[in-house]
Amino acid sequence: MQTVSHLEILKTYRGRISITFIVLIVEHLLLLLEPLVIGIAINGLTARDWTGVYSFIGLEMLVIIVGVARRLYDTRTYGGIYRNIGQDISTAAIRDHEDLSPAISRADLLQEVVDFFENELPMALGSSIAILGALIMLLVLSPLVGVVAITSAIAIGTIFVLSRTRIKSLNKLVNDELEARARLFMARETKPLLAHFVTLVRHRISLSDLEARNFGLSYLFVVLLIAFALYQSVAVSQAPIGDVFAVLTYAAQFAEGVIILPMMYQQYVRTTEITGRITDGLQSET
């Protein structure tokens, strides 16, 4: 593989990755039914009807089976992808360069890209399903809460879009330092190595501060959404307790999704910088 990018990895390993996505979608569609089934069970128990409880237990058994199977398959799939791309990077470097320190650092950075596919990308897909599904259910159960949810999602998305350039530049600075680390160790000089760690920590603090600010602003909109859902379903609509539970849970699911998705976007920006760096290294060695 001479070009390493998210799209190229998806194209090259589309068969294996597609299976992980299909199973993931099934898992999250089952999870999406949880609040509705629990709400039905609550309403049923008030009338001494246990049908909803049995439905809930059956649903959870399916969630466990599908979730365990997906995790077992994912570990083997993405381990194989890391092995194949890592071999490409190391083989080209050993063949064409005496200084192997950049290749060593890129092999370490590659793990972050593969981890993105194994962890962050499924989480982002799951969050997207949760957001869409929860939004549909909210619009059905309480349309006004659904409209407020859409507004909060737009506000949170805007926060992260405006931060994209800063996120990318800070990640580039961090990756520059990580790529230089092996070379500095091999030089066996203490002073440049100490400067490296000081600079690396400073860049990571700046990145963490940016993430903390974005998280704080995003969570503010989440709190307002859930507070409004509570007020609307209890004080205004005076809905049955099972319906109130369902509305609040779907609002919480929606809120969690719109918090997680931008965080995954940050990791996508970071790994895009890494794949560009790896591709440049591969192409310079051919």
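Some values worked out for this structure:
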| item | result |
| --- | --- |
| Computed over the chain: relative contact order in percent, which uses C-alpha pairs under 8 Å that are six or more apart | 33 |
| FRET E, pair Ile57, Leu139, Förster distance 25 Å, beta-carbon r, rounded to 0.05 | 0.30 |
| Lysines with Cα under 27 Å of Lys191, excluding same-chain neighbours fewer than 8 positions away | Lys172 |
| Accessible-area ranking of Lys191, Lys11, largest first, probe 1.4 Å | Lys191, Lys11 |
| Gain on full stretching of the segment that runs from Ala252 to Ala47 - 0.36 nm per residue minus C-alpha separation | 71.1 nm |
| Inter-probe distance in nm under a simple model that places probes 7 Å from Cα toward Cβ, at Lys168 and Ala69 | 4.1 |
| Span per principal axis, largest first, for the Cα atoms of the chain (Å) | 77, 37, 29 |
| Segment 45-60 and segment 171-197: distance between their alpha carbon centers, rounded to Å | 59 |
| Helix-only [θ]222 nm of the chain, DSSP H runs n ≥ 4, -39500 (n - 2.57) each, per residue, nearest 500 | -31000 deg cm²/dmol |
| 14 Å beta-carbon shell around Ser127, net charge (K/R +1, D/E -1) | -3 |
| Summed side-chain charge close to Ile22 - residues other than Ile22 whose Cβ falls under 14 Å, Lys, Arg +1, Asp, Glu -1 | +1 |
| Of the DSSP H helices in the chain, those whose Cα atoms cover at least 24 Å axially and whose Kyte score averages -0.5 or more | 14-32, 51-96, 121-141, 143-162, 164-187, 190-230, 241-284 |
| Student exercise, the chain dipole from Lys, Arg, Asp, Glu Cβ charges, in Debye to nearest 20 | 240 |
| Overall Cα dimensions of segment 26-70 - principal axes, largest extent first, Å | 38, 14, 8 |
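The values are calculated or read from the model by the stated rules, or taken from the named source; none is laboratory data. None of the values given here were measured: they were computed from a predicted structure. Backbone-built Cβ (ideal geometry, glycine too); neighbour counts: all protein chains shown. Ligands, DNA and RNA are stripped out before the accessible areas are found, and what is left, the full protein with its side chains, is counted by its heavy atoms. Shrake-Rupley method; radii C 1.70, N 1.55, O 1.52, S 1.80 Å.
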